[in-house]
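The structure appears right after this line, and notes come after that.
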Amino acid sequence: MKFFLLALFCSALYASTFPKKHAVPGGVVALSVTASSKPKAFHEKQELMVLETSSKGTYRVIAGIPLGYDLNKPYEIRVLDGELESSVAINIKNKEYQKQYITLKTNKHVTLSKTNLDRHYGEKKRSTTALNSFTTQKFKDLEMIKPLNVKFSDDFGKRRYFNKKPKKPHSGIDLSAKEGTPMMAPLNGVIIEQGNFFFNGNVVFIDHGEGLVTMYCHLSKFKKKKGDRVKKGEIFGLVGKTGRVTGPHLHWGVSLNGNMVDPRLFFN
């Protein structure tokens, strides 16, 4: 098989159905590849999404960039089939995310007790496993719908401080709504994990295939169970205020090849 890398997110067929290119930490990069059959693509050891396009023999490689990516090195994508291999290096640009200071009524979710810390470590393993899921699924498009038909109340990537203590950046976007508001699946998928977590409260993880996983935090109620399939637009849970919150809302996260990326890149 012979192939070559065409260009980084060149003027593509199905452009409206692919995520928007944004080569920054927390963003998405893409490139077009020609091949006689579907190739595989990797960044280091992590497999990447490879999708067919409407042009025969042309494929799209799509990758998510970590929020903490080292800007001193390019993001390298390897494309291969058997012993044949090619690669491209993509320069990642800096992006300054806003800072946010949040005051909680107690320090329970800021300075953890040993019991809560042990619980968090166990839940983190479950989250990591879910967010790194890679299953084969053919897409017609990647254009998501919002889980709630409301405006965003908090943006992606903010550098957060809880009770003046620095914590990890905001790895999703928030949508405020009344407790009990139904939430919709943004794409077809399978619920691969759910439960009550210390920070995330009642949380659901939906696997959409090819390394694309979405997560939904602070639910008041589950409407589906682990292993259930959900269709785009189908109700799977209700908005709540469980876990580390200041009020009822949905925290919506999108993971691509194990990296949390800006959900805004996946819909118009």
Selection within segment 42-57 - within 17 Å of F18 (Cα to Cα) and buried (at least 16 other Cβ atoms within 10 Å of the Cβ): L48, M49, V50, L51, T53
Which listed residue is of a type in the set (A, V, I, L, M), part of a loop (DSSP other than H, G, I, E, B) and open to solvent by less than 30 Å² (accessible area, probe 1.4 Å), from L187, L250: L187
Of all residues in segment 45-77 being without any contact (Cβ under 8 Å) to a residue 12 or more places away in the chain and under 21 Å from the mean Cα position of the chain (by Cα), the one that is nearest to N91 (Cα to Cα): D70
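Let's see how each residue does on (1) in contact with a His (Cβ under 9 Å, 6 or more places away or on another chain); (2) surrounded by 13 or more Cβ atoms within 10 Å (Cβ to Cβ):
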position: Y59; (1), (2): no, yes
position: I62; (1), (2): no, yes
position: I65; (1), (2): yes, yes
position: Y69; (1), (2): no, yes
position: N72; (1), (2): no, no
position: R78; (1), (2): yes, yes
position: E83; (1), (2): no, no
position: N91; (1), (2): no, no
position: N94; (1), (2): no, no
Yes/no for D228 being at pLDDT 95 or above, buried (at least 20 other Cβ atoms within 10 Å of the Cβ), more than 19 Å from K151 (Cα to Cα) and acidic (D, E): no
Every residue from segment 127-160 that is modelled with pLDDT under 75 and farther than 19 Å from K20 by Cβ: K138, K158, R159, R160
Number of positions in segment 109-152 that are surrounded by 15 or more Cβ atoms within 10 Å (Cβ to Cβ) and part of a helix (DSSP H, G or I): 7
Residues of segment 62-108 satisfying the condition of being at pLDDT 80 or above, outside any strand (DSSP E or B), of a type outside the set (D, E, K, R) and closer than 21 Å to L131 by Cβ: I65, P66, L67, G68, Y69, I92
Within segment 231-247, considering residues that are in a loop (DSSP other than H, G, I, E, B) and closer than 14 Å to E179 by Cα, the one least open to solvent (accessible area, probe 1.4 Å): V239
Which listed residue, of N202, N268, is over 20 Å from K138 (Cα atoms), touching a residue at least 40 places away in the same chain (Cβ under 8 Å) and in a strand (DSSP E or B): N202
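The values are calculated or read from the model by the stated rules, or taken from the named source; none is laboratory data. The model shown is predicted, which means the values in this text are computed figures rather than measured ones. Ideal geometry is used to build each Cβ from the backbone, glycine not excepted, and the neighbour counts take in all protein chains shown. Calculation scope for accessible area: heavy atoms of the full protein, side chains included, ligands and nucleic acids excluded. Shrake-Rupley method; radii C 1.70, N 1.55, O 1.52, S 1.80 Å.
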